[in-house]
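Colleague: The structure's right below; bear with me while I get my questions together.
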Amino acid sequence: MTADHPTIRVRGLTKAYGKLEVLRGVDFDVAPGSIFALLGSNGAGKTTVVRILATLLKADAGTAAVGGFDVATQPARVRESISLTGQFAAVDEILSGRENLVLVARLRHLRNPGAVADGLLDRFSLTDAGARRVSTYSGGMRRRLDIAMSLAGSPPVIFLDEPTAGLDPSARLEVWQTVRGFARQGTTVLLTTQYLDEAEQLADRIAILHQGRIVVNGTLGELKQLLPPARIEYVQKQPTLEEIFLATIAGGREQE
């Protein structure tokens with residue numbers, strides 16, 4: 001796949017539930033190995049787009065292809081190419097972290113599922129917690145485990161639907177670091193979020209979905225050009241709340 005042949009291509013996608021038009025002609029492309037953020041408020045249709053691309057929902061009209069495979073006519077090939085992490089961590093709390101990963105590796109018919117699980121635990125800094133029940137994990141650890149489960153088998157395309165919803169600031173930063181790692185390794189990521197800073201931090205391109213349509217689509221620099229140019233003013237920089245939070249918890253760890 002090249003820039004001329006995007007990993008994800010969506011044209012004229014529509015979806016309605018009765019008289020409620022959720023999608024009203026959605027168009028966008030996602031380049032290989034990039035992070036594409038679909039930004040919008042609650043109810044904008046972001047999850048509907050992801051569910052259609054993941055072959056979990058049928059569009060009323062329009063076309064969509066993932067990895068060169070049509071989601072309507074080649075759903076099995078699409079499912080072989082993707083992984084989906086939904087808004088809520090899909091982990092079994094009775095099992096340990098390692099057992100969750102082994103289970104997914106077996107379901108995907110991967111060779112040596114134990115080695116796959118150990119590799120993912122190490123990659124997501126969960127080795128020390130691998131033998132513990134997931135019910136003892138923090139929210140950030142559960143989310144990292146959920147994403148790790150999505151990576152079993154190294155799918156070339158990952159859908160992350162509101163991956164940091166409900167997480168505390170440090171857990172959000174952990175997930176952000178993980179998502180950046182995906183792109184560095186060549187994985188194509190479609191990320192839905194309602195957090196403006198999340199899209200700004202992570203995405204190569206950002207599309208804003210509003211009332212069922214993509215109203216803007218471009219790089220952060222291109223989107224900034226839609227507004228009047230910035231004025232140069234002297235401003236005394238104060239520490240952000242994020243910086244204060246991280247410095248505080250870092251100091252607390254040192255005292256422990």
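Colleague: If Gly67 passes every condition in (1) at pLDDT 90 or above; (2) small (Gly, Ala, Ser); (3) at negative phi but one, which one does it miss?
Modeller: (3)
Colleague: Can you tell me which residue in segment 167-207 is surrounded by the fewest Cβ atoms within 10 Å (Cβ to Cβ), limited to those that are modelled with pLDDT under 90 and assigned to a loop (DSSP other than H, G, I, E, B)?
Modeller: Gln185
Colleague: Would you please list the contacts, defined by Cβ atoms under 8 Å and residues six or more apart or on different chains, that run from a residue in segment 1-15 that is among the polar types (S, T, N, Q) to a residue that is at pLDDT below 85 and assigned to a loop (DSSP other than H, G, I, E, B)?
Modeller: As it stands, the answer is Thr7/Met1, since those pairs meet every condition given.
Colleague: Here's another thing I want to ask about it. Which residue is surrounded by the fewest Cβ atoms within 10 Å (Cβ to Cβ), if the candidates are limited to segment 90-116 and must be among the polar types (S, T, N, Q) and touching a residue at least 24 places away in the same chain (Cβ under 8 Å)? Step through it out loud before you land on a result.
Modeller: Taking segment 90-116 as the starting set, the residues that turn out to be among the polar types (S, T, N, Q) are 96, 100, 112.
With the extra rule that they be touching a residue at least 24 places away in the same chain (Cβ under 8 Å), the set shrinks to 96, 100.
Working: Ser96: 20, Asn100: 25.
Among them, the one singled out is Ser96.
Colleague: Please find, within segment 7-39, the residue that is modelled with the highest pLDDT out of those that are in a strand (DSSP E or B) and hydroxyl-bearing (Ser, Thr, Tyr).
Modeller: Keep residues of segment 7-39 that are in a strand (DSSP E or B), which gives 8-17, 20-30, 35-39.
Right, trim to hydroxyl-bearing (Ser, Thr, Tyr) and you get 14, 17.
Details: Thr14: 96, Tyr17: 92.
Here the residue is Thr14.
Colleague: Which pairs do you get when a residue that is within 20 Å of Ala31 (Cβ to Cβ) and touching a residue at least 12 places away in the same chain (Cβ under 8 Å), found in segment 219-235, comes within reach of a residue that is basic (Lys, Arg) and outside any loop (DSSP other than H, G, I, E, B), reach meaning Cβ atoms under 9 angstrom, with the pair 6+ apart or on two chains?
Modeller: Between residues of segment 219-235 that are within 20 Å of Ala31 (Cβ to Cβ) and touching a residue at least 12 places away in the same chain (Cβ under 8 Å) and residues that are basic (Lys, Arg) and outside any loop (DSSP other than H, G, I, E, B), the close pairs are Thr219/Arg205; Leu220/Arg205.
Colleague: Under 7 Å between Cβ atoms, at least 6 apart or on separate chains: pull out the pairs that start in segment 139-166 with a residue that is without any contact (Cβ under 8 Å) to a residue 40 or more places away in the chain and surrounded by fewer than 21 Cβ atoms within 10 Å (Cβ to Cβ) and end on any residue that is charged (D, E, K, R) and part of a helix (DSSP H, G or I).
Modeller: Gly140/Glu174
Colleague: Could you count how many residues in segment 58-89 are more than 13 Å from Ile158 (Cβ to Cβ), in contact (Cβ under 8 Å) with a residue 40 or more places away in the chain and either in a strand (DSSP E or B) or in contact with a helix residue (DSSP H, G or I) (Cβ under 6 Å, 6 or more places away or on another chain) (or both)?
Modeller: Of the residues in segment 58-89, 7 are more than 13 Å from Ile158 (Cβ to Cβ), in contact (Cβ under 8 Å) with a residue 40 or more places away in the chain and either in a strand (DSSP E or B) or in contact with a helix residue (DSSP H, G or I) (Cβ under 6 Å, 6 or more places away or on another chain) (or both).
The values are calculated or read from the model by the stated rules, or taken from the named source; none is laboratory data. Nothing here was measured: the structure is a model prediction, and the numbers come from that model. Because the Cβ atoms are built from the backbone with ideal geometry, glycine has one as well, and the counts that use them run over all protein chains shown.
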